[in-house]
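The values are calculated or read from the model by the stated rules, or taken from the named source; none is laboratory data. Since the structure is predicted, the reported quantities are computational estimates derived from the model, not experimental observations. FYI the Cβ positions are ideal-geometry reconstructions off the backbone, even for glycines, and counts take in every protein chain you see.
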Amino acid sequence: MDSQSSETSVVSQEPSSCHEAVLRDHQYEVLRDIGCGGFGQVQLARHCPTGAEVAVKVLPKTVQNLPFLSEPDTMRSLKHPHVIQLFEVVETPQNIYMVMEHGGGGQLLDHVSEGGLQEKEARRLFRQTVSAVGYCHDRGIVHRDLKPENIVLDARGQVKLIDFGFSTTVQPGKKLHEFWGTLSHFAPAIILRQAYEGSPEDIWSLGLILYFMLTGRCPFTGPTAKKMLRQMVQGAYCLPHRVSVAAQILIRQILTRDPRKRPTARQILQHPWLVQGEQHVPRVYGEALPRHPDPEILTVMFDMGYDLHKTCVSLAKRKFNAAMATYLILEHQKSQGAGVFQGTAAPPRVKPRPRPRPVDPSSSLLLPKRCPSEPPLRPLPLPCEPPLQEEAQVSGQRHIRIASQPAIHFRFPPARTPASDSASQTVSGQSCASRKF
């Protein structure tokens with residue numbers, strides 16, 4: 001018993017320490033575990049160069065997971081504001097590490113209260129979810145596991161679609177025969193073990209999600225799984241009276257037994273209930289990778305010590321390596337309005353030299369003290385210097401050279417009579433000042 005217990009403890013601790021070592025080598029600091037699924041675990045980590053928090057999904061390379069190891073390839077081609085973004089893929093002989101954007105707002109399942117959301121908030125979240133699903137369908141990708149647990153919110157309360165482990169690429173007119181997903185969100189065709197198209201089954205799941213948003217519960221319930229599945233095949237459910245008529249019509253259109261009569265994601269976005277208070281949703285989204293890297297982000301990466309040529313090559317060849325991850329994280333921070341310097345060490349700035357303060361000539365030790373009986377001396381303009389302004393002359397202020405101007409060296413002319421000397425200096429100073437200006 002003792003040997004078995006010690007062996008179990010070693011086995012349970014070894015994967016975690018192994019994951020931390022691999023991620024540490026790629027400049028990630030593991031913080032804690034944030035999720036665990038049937039195919040791998042998800043850890044919260046910090047990207048050391050930028051300080052950004054990321055989610056790392058660990059996929060073991062086992063025989064059972066072979067059909068689901070294509071998730072990194074699927075996410076490489078996706079870039080949508082409401083789809084979780086992939087930053088880096090680290091592969092070892094035992095595991096695949098997917099470094100992704102972290103949605104810090106929690107799951108939609110925890111965001112919906114017991115009685116459901118207000119229709120205004122449900123409309124906003126559902127519109128973003130349908131936009132993400134329609135984006136995937138336009139690229140031939142079906143999710144096949146849409147549920148509130150796979151919809152998270154970021155720090156700003158925006159929807160992020162996650163977990164593409166069951167997703168696949170479907171050609172138009174092609175039927176699918178794999179029956180994967182969550183039991184409570186199966187479409188009737190999957191329950192009946194019939195060949196199905198991918199996108200109509202995702203639409204069915206969207207109807208269940210909308211029902212949950214507005215009511216706080218699932219439409220199909222039963223004491224046993226068999227009775228629940230019978231209700232799902234028959235499409236037997238009821239809607240509370242507090243749900244508006246327009247929302248009820250949309251739910252009934254989506255939860256149609258015949259998949260050919262279900263609306264597409266584009267048609268759902270045009271429904272009158274969903275258009276209410278609609279904010280502009282861009283129809284065309286950027287590519288998964290930018291063709292022309294952002295010069296501002298490249299400048300920051302250069303200050304961080306990255307080779308810009310290798311970075312551009314990584315972006316062009318879609319390597320999803322360390323350099324590309326840093327670029328995508330900085331780009332994500334900039335798109336969130338946080339600035340490219342969040343979490344990064346800003347380049348050192350040269351402090352301006354302090355400007356010396358002007359010295360009062362009256363306090364200088366070189367000037368002799370004037371006796372009270374002597375008349376005040378009028379300042380004479382220096383050569384190549386503009387004459388004093390009238391206001392300064394009237395108020396009796398003395399002309400002081402600004403400290404930032406260079407010192408002017410000049411020679412005094414030979415001694416003359418006071419009248420002629422004063423007149424000659426005044427004329428020469430005015431003529432030089434006029435030439436200067």
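Observations on the structure shown:
To keep it simple, each residue is scored yes or no on (1) in contact with a helix residue (DSSP H, G or I) (Cβ under 9 Å, 6 or more places away or on another chain); (2) surrounded by 13 or more Cβ atoms within 10 Å (Cβ to Cβ); (3) closer than 25 Å to LEU66 by Cα; (4) at pLDDT below 90.
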residue	(1), (2), (3), (4)
VAL22	no, yes, yes, no
GLY35	no, yes, yes, yes
PHE39	yes, yes, yes, yes
ALA55	no, yes, yes, no
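- Test: LEU117 is modelled with pLDDT of 90 or more and either within 26 Å of the chain's Cα centre (by Cα) or not in a helix (DSSP H, G or I) (or both): yes
- Taken over the stretch 299-340, the residue count meeting the criterion of being surrounded by fewer than 20 Cβ atoms within 10 Å (Cβ to Cβ) and part of a loop (DSSP other than H, G, I, E, B) is 12.
- Residue tally, condition touching a residue at least 40 places away in the same chain (Cβ under 8 Å) and either farther than 23 Å from ALA325 by Cβ or in a loop (DSSP other than H, G, I, E, B) (or both), over the stretch 95-114: 12
Residues are listed down the side, and each one gets a yes or a no for (1) at pLDDT 90 or above; (2) acidic (Asp, Glu); (3) more than 26 Å from LEU274 (Cβ to Cβ):
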{"residue": "VAL142", "(1), (2), (3)": "yes, no, no"}
{"residue": "LEU153", "(1), (2), (3)": "yes, no, no"}
{"residue": "ASP163", "(1), (2), (3)": "yes, yes, no"}
{"residue": "SER167", "(1), (2), (3)": "yes, no, no"}
{"residue": "LEU176", "(1), (2), (3)": "no, no, yes"}
{"residue": "ALA236", "(1), (2), (3)": "no, no, no"}
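- Scanning the stretch 254-263 for residues that are over 35 Å from the mean Cα position of the chain (by Cα) and either over 15 Å from GLY198 (Cα atoms) or touching a residue at least 60 places away in the same chain (Cβ under 8 Å) (or both) gives THR256, ARG257, PRO259, ARG260.
- Pairs with Cβ under 6 Å, 6+ apart, first in the stretch 176-192 and closer than 10 Å to MET232 by Cβ, second among the hydroxyl-bearing types (Ser, Thr, Tyr) and at pLDDT 90 or above: HIS185/SER205
- When residues of the stretch 230-265 are limited to those that are farther than 25 Å from GLU114 by Cβ and hydrophobic (A, V, I, L, M, F, W, C), the one surrounded by the fewest Cβ atoms within 10 Å (Cβ to Cβ): VAL233
- Residue in the stretch 266-278 that is crowded, with 17+ Cβ neighbours inside 10 Å, at pLDDT 90 or above, within 21 Å of GLY140 (Cα to Cα) and not hydroxyl-bearing (Ser, Thr, Tyr) present: yes
- The helices (runs of 4 or more DSSP H) found entirely in the stretch 175-268 that carry 2 or more residues being under 21 Å from LEU125 (Cβ atoms) are 198-215, 245-254.
- Scanning the stretch 130-174 for residues that are more than 18 Å from the chain's Cα centre (by Cα) and either at negative phi or buried (at least 23 other Cβ atoms within 10 Å of the Cβ) (or both) yields a count of 29.
- So GLU149, is it acidic (Asp, Glu), in a helix (DSSP H, G or I), within 29 Å of SER70 (Cβ to Cβ) and modelled with pLDDT under 95: yes
- Test: residue in the stretch 290-313 that is among the hydroxyl-bearing types (Ser, Thr, Tyr), modelled with pLDDT of 90 or more and touching a helix residue (DSSP H, G or I) at 6+ places or on another chain (Cβ under 6 Å): yes
- The stretch 70-94 - residue that is among the hydroxyl-bearing types (Ser, Thr, Tyr) and part of a loop (DSSP other than H, G, I, E, B) and, of those, surrounded by the fewest Cβ atoms within 10 Å (Cβ to Cβ): THR92
- Of all residues in the stretch 57-88 being of a type in the set (S, T, N, Q) and under 26 Å from VAL300 (Cα atoms), the one that is modelled with the highest pLDDT: GLN85
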